[in-house]
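Below is one structure, written out as structure tokens; comments come after it.
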Amino acid sequence: MFNLVQGRRKYFIFSGILIALGIAAMIYSLITTGAAFPLGVDFRGGTRFELQFTQPVSEGQLEDIFASFDITHISVIALRGDGLTNAWQIRAPFVSPEEAQAILDRLAQEAAPFIPNTTSVQSVSPSVGGEVTRAAFAAILVAAAVILVYIMFAFRQVPKPFRYGTSAVAAMIHDLFVIFGFAAITGMLLGWEVDALFLTAVLTVAGFSLQDTIVVFDRIRENIAKRPLEKYETVVNRSILETIHRSLATQLNAMFVMVAILLFGGASIKPFIAVLFVGMLSGTYSSIFTAVPILVAWEKGEIPFLKG
């Protein structure tokens, strides 16, 4: 039987390198921009354009026209609903009324004429402020505490159930640091900014990470009861091999869809999908190569400050 947990030190080193690179990118971004990630208009506020054209226009056309005014980081959303045809909402950094009018004139000339009385331009405050951000991360902390208590209760018949809960939370934190680092790196290299959808991705990744880990842990619990005389490391390895196909099949289905969106979707949705893709990939990895190896290393006394 192939022994996956035997190489746990290599997995820890690999994860440590990934997280260290991400933290270094966040520190660099913090020093150069004042924020760990480049913040989008949802966090910084700006000017909102609500437009309805007489003819179809593309997201790329809108971005190119704004880029001609040196406005490159915008949020473009196609509006849907009754009476909304060729309608768009565009959030951009703050612009003066004069510049806003110049942008509207250029849009009408180079994209398509506007439907009369459908154009709206207004300055807006950040829609995602510090309070919402703190609430999102408070939700993650509460979820971590609840999962810790839940696993300790559900695994109470297994020796030292606290270790299972702690390992699951550690894997979730691993995944969050991976996507934080990814956001910082793509911000530097591709100019992607963090917006409201990033918080959605963070919460989604946290949920997927915990779900994957619990599936593996549940099989470990079953096999401990079935094979009480088998070595712990062997039981754990057997459990991974019995569940890995399920984890991969579930995640790959979602990842194929995400790859299709990354290749053919609009530019405004790509950062969100990329963060989700990396987060799910990390969640699948961490449930097998982070959470479970932590359990085995803890059981064998290989973690100096967690012996006993």
**Complete:** Given backbone amide H placed at 1.01 Å from N, residues whose amide H is under 5 Å from that of V194, ignoring those fewer than 5 places away on the same chain, are L39, G40
**Message:** Could you identify which residue out of A183, A196, A249 has the top mean-square fluctuation in a GNM of the chain using Cα springs shorter than 10 Å?
**Reply:** A249
**Asked** Could you give the dipole magnitude of segment 58-144 about its Cα centre, charging the beta-carbon of Lys and Arg +1 and that of Asp and Glu -1, in debye to the nearest 20?
**Response** 380 debye
**Fill in**
Taking Cα atoms only, helix 130-154 is inclined relative to the longest principal axis of the chain by an angle, in degrees rounded to 10, of 20 degrees
**Prompt:** The list (i) 28, 24, 17; (ii) 47, 19, 16; (iii) 32, 23, 18 gives values of semi-axes √(5λ) of the Cα gyration tensor in Å, and only one came from this structure; which label was calculated from it?
**Reply:** (ii)
**Request:** Could you calculate, for segment 186-308, the ratio of the Cα radius of gyration to the Kirkwood radius, expressed as Rg to Rh?
**Result:** 1.09
**Item:** Residue-by-residue Karplus 3J(HN,Hα) for segment 181-191, coefficients 6.51, -1.76, 1.60, Hz, glycine and proline x
**Value:** x, 4, 5, 5, 5, 5, x, 6, 8, 10, x
**Item:** Within-12-Å neighbourhood charge of I269 [Cβ basis; K, R +1; D, E -1]
**Value:** -1
**Fill in**
The FRET efficiency for I303 and F137, from their Cβ-Cβ distance with R0 = 30 Å and rounded to 0.05, is 0.70
**Item:** Signed unit charges on C-beta, dipole axis of segment 55-191, positive-most listed residue I71, P159, S58
**Value:** P159
**Asked** Each residue of segment 288-296 in turn: what ³J(HN,Hα) in whole Hz from Karplus with 6.51, -1.76, 1.60 and θ = phi - 60°, glycine and Pro shown as x?
**Response** 9, 10, 10, 4, 5, x, 4, 4, 5
**Item:** Top of K231, K270, K160 by mean-square fluctuation, Gaussian network on the chain, Cα under 10 Å
**Value:** K231
**Asked** K226: which aspartates and glutamates have alpha carbons under 13 Å from its alpha carbon, excluding same-chain residues fewer than 8 sequence positions away?
**Response** D218
**Item:** Residues with amide H under 5 Å from that of V95, placed H, sequence gap 5 or more
**Value:** T47
**Prompt:** From the phi of every residue in segment 17-23, what ³J(HN,Hα) in whole Hz does the Karplus formula 6.51 cos²θ - 1.76 cosθ + 1.60 yield, where θ is phi - 60° and glycine or proline is x?
**Reply:** 5, 4, 5, 4, 4, x, 5
**Asked** Once you charge only the Cβ atoms, +1 for Lys and Arg and -1 for Asp and Glu, what is the size of the charge dipole of the chain about its Cα centre, to the nearest 20 debye?
**Response** 1920 debye
**Asked** Among L21, A225, P116, whose Cα lies farthest out toward the positive end of the dipole of the chain, if unit charges sit on the beta carbon of Lys, Arg (+1) and Asp, Glu (-1)?
**Response** A225
**Request:** Starting from the amide H of L79, placed 1.01 Å from N in the peptide plane, find each other amide H under 5 Å away whose residue is 5 or more places distant or on another chain.
**Result:** A87, W88, Q89
**Selection from G40, G279, G266 lying farthest towards where the dipole of the chain points positive, charges on Cβ** = G279
**Asked** Hey, which aspartates and glutamates would be in cross-link range of K10, C-alpha to C-alpha under 14 Å, not counting anything within fewer than 8 residues on its own chain?
**Response** E302
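No value in this document is a laboratory result; all are computed from the given coordinates. This structure is a prediction, so every number in the text was calculated from the model and none was measured. In this analysis, Cβ positions are derived from the backbone assuming ideal geometry, glycine residues included, and neighbour counts consider all displayed protein chains.
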